[in-house]
Amino acid sequence: MGKLFPALLPEHEAFIRKQRIFFVGSAPLQADGHVNLSPKGHDVFRIVSPTEVGYLDLTGSGNETSAHLEENNRITLMFVAFEGPPLILRLYGKGRVILPGTADWELWAPRFELLPGARQIIGVDVHAVKTSCGFSVPFYTYERERDTLQRWAASKSGDELNEYWRGKNAVSMDGIPTPLGRRIAESAPFEDGRSANEKTRP
């Protein structure tokens with residue numbers, strides 16, 4: 001049944017690399033704050049070491065995880081077997097938001113294909129890995145990736161995407177500011193003068 005590990009084992013890494021979707025959980029500190037759970041698709045997850053992982057975060061209608069990490073760093077990542085032997089694998093860790101134009105971005109970005117609409121990278125220092133049976137999870141068969149988000153983001157200019165971020169991604173549901181929101185409010189240019197959208201395009 002359930003087992004707890006201090007770091008990823010090789011078999012855990014192999015399982016993660018086979019998955020087409022993963023889930024991200026985070027929450028604010030306030031007792032009446034909203035717990036967030038987000039599904040993530042596309043090839044955006046990377047394993048750096050048995051205790052460090054990260055994912056390329058694409059534009060969405062909210063930015064809850066980023067706000068929560070800025071406030072308290074807590075994050076849980078979950079991978080589920082929808083094919084083959086049953087398994088649920090959770091990574092518990094401390095997360096951080098990595099924005100374009102920072103030293104950490106220059107270190108992390110080469111690990112990814114920078115898809116249209118990439119707004120930040122979420123880096124995670126893992127302190128616990130937990131597996132559980134997943135016996136009740138149904139079988140699902142992967143068909144293909146959706147390209148809707150990438151087509152939408154690619155159709156936007158840098159200014160248009162920045163305006164979207166300003167309106168949708170600057171604060172959480174509970175009013176917690178995000179690093180991206182502060183960046184836009186400060187109108188801090190990137191090193192080469194391009195907008196965030198233009199800088200993250202392949």
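The values are calculated or read from the model by the stated rules, or taken from the named source; none is laboratory data. Computed from a prediction, not measured in an experiment: that's the story for all the values here. With ideal geometry, Cβ positions are generated from the backbone for all residues, glycine too; neighbour counts draw on all protein chains shown.
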(1) at pLDDT 95 or above; (2) in a loop (DSSP other than H, G, I, E, B); (3) in contact with a Gly (Cβ under 8 Å, 6 or more places away or on another chain); (4) surrounded by 15 or more Cβ atoms within 10 Å (Cβ to Cβ) all hold for Arg146 apart from (4)
Checked region 150-174 for anything within 18 Å of the chain's Cα centre (by Cα) and either under 21 Å from Ser26 (Cβ atoms) or of a type in the set (Asp, Glu) (or both); matches are Trp165, Lys168, Asn169, Ala170, Val171, Ser172, Met173
If we ask which residues in region 125-158 are within 26 Å of Gly93 (Cα to Cα), in contact with a strand residue (DSSP E or B) (Cβ under 9 Å, 6 or more places away or on another chain) and among the hydrophobic types (A, V, I, L, M, F, W, C), their number turns out to be 5
Report yes if Thr131 is of a type outside the set (Phe, Trp, Tyr) and at pLDDT 95 or above, otherwise no. yes
Matching residues in region 77-97 (over 23 Å from Glu52 (Cβ atoms) and touching a Pro at 6+ places or on another chain (Cβ under 8 Å)) number 1
Scanning region 42-62 for residues that are under 10 Å from the mean Cα position of the chain (by Cα) and not hydroxyl-bearing (Ser, Thr, Tyr), the one surrounded by the most Cβ atoms within 10 Å (Cβ to Cβ) turns out to be Leu56
